[in-house]
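Inspection log for the structure reproduced underneath, given as structure tokens.
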Amino acid sequence: MKRTFTGNFKIQIEGLIKEKQALGFLYIDNQNILANFDRFCIENYPNETTLTRDIGMHWAELRPSEHSATLTNCSDTNSEDRQGFLRVNSVR
């Protein structure tokens, strides 16, 4: 399923997906995470066109529905995915 991205980081998100797929990764499930990031930026930073440290730190925060103990015990949580996404994209 191809996702549609509409936020200010659309080009970067689509570029990341194409790059991962060109390297042989299916990168299907991760598109859901990127769609969540796209919505997050639209809702919280609608005018921002530069991925800043503040945006990255806000994105990586523990959500009300998450518990730190769960994040420690699970390797496939959204929080870890969010943090990995930020590391891969070298937030400055």
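Of all the listed residues (LEU34, LEU16), the sole one being farther than 24 Å from ARG63 by Cα, within 14 Å of the chain's Cα centre (by Cα) and buried (at least 16 other Cβ atoms within 10 Å of the Cβ) is LEU16.
Being modelled with pLDDT of 90 or more and aromatic (Phe, Trp, Tyr) is the requirement here; does PHE5 meet it? Criteria met by PHE5.
Pairing residues of the range 4-26 that are under 12 Å from LEU51 (Cβ atoms) with residues that are at pLDDT below 95 and of a type in the set (A, V, I, L, M, F, W, C), at Cβ distances under 7 Å and at least 6 apart in sequence or on separate chains, gives PHE9/LEU51; ILE13/LEU34.
The values are calculated or read from the model by the stated rules, or taken from the named source; none is laboratory data. Since this is a predicted model, take the numbers as computed values, not measurements. All Cβ positions, even for glycine, are placed from backbone atoms using ideal geometry, and neighbour counts span all protein chains on display.
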